[in-house]
Amino acid sequence: MPGLDFPSGPWTGFYHYGAATRRHRMDLALTFSNGRISGDGIDDVGPFLIAGRYDGQGGECYWTKTYVGAHDVYYRGFREGKGIWGLWELEILSGGFHIWPLGEEESEEAAEIVEEPMPAELCAPHGIKFAWLRIEDFIQRAEILLVG
């Protein structure tokens with residue numbers, strides 16, 4: 001049975017916070033080899049490294065996105081159609097994502113990503129973890145984000 005195609009090379013896509021529909025662009029250089037994913041990239045938070053695994057038959061993927069000198073974000077998704085769809089997660093925040101090999105956009109609409117600045121409240125300076133937020137402050141800021 002042939003496996004799913006996981007092409008190494010440049011990928012692009014977006015992520016969003018929670019139920020929000022604002023898309024935040026990310027550009028990646030990924031290598032898929034023997035069930036392992038590795039690479040690097042950049043988004044509106046900053047440069048990052050990727051390390052994880054994928055299943056070439058079932059399409060499941062999971063990896064850690066490590067922002068240089070900062071925090072980790074955990075990703076889990078599935079290869080479907082022309083990309084990988086899934087969820088990302090931090091201890092106190094999560095959202096969705098979609099990435100695809102550069103040049104394989106499903107439509108012009110899917111390729112067009114509206115850049116929205118990340119709220120300063122969610123952007124951690126290098127070396128500082130998200131844990132510095134009190135839960136009450138986080139909830140208030142998250143409500144503002146999701147409503148506004």
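Bear in mind these aren't lab numbers, they're just calculated from the coordinates by the rules spelled out. Predicted model, so just to flag it, every value in this text is computed and none were measured.
What list of ³J(HN,Hα) couplings, whole Hz, do you get for segment 50-60 from phi and the Karplus terms 6.51, -1.76, 1.60, once you set θ to phi - 60° and write x for glycine and proline?
10, 8, x, 9, 8, 10, x, 8, x, x, 6
What list of ³J(HN,Hα) couplings, whole Hz, do you get for segment 18-34 from phi and the Karplus terms 6.51, -1.76, 1.60, once you set θ to phi - 60° and write x for glycine and proline?
x, 8, 5, 9, 5, 9, 10, 5, 9, 10, 10, 10, 10, 10, 10, 8, 6
In terms of modelled amide H atoms, which long-range or inter-chain residues lie less than 5 Å from the amide H of residue 8?
Counting only residues 5 or more places away or on other chains, the set is 32.
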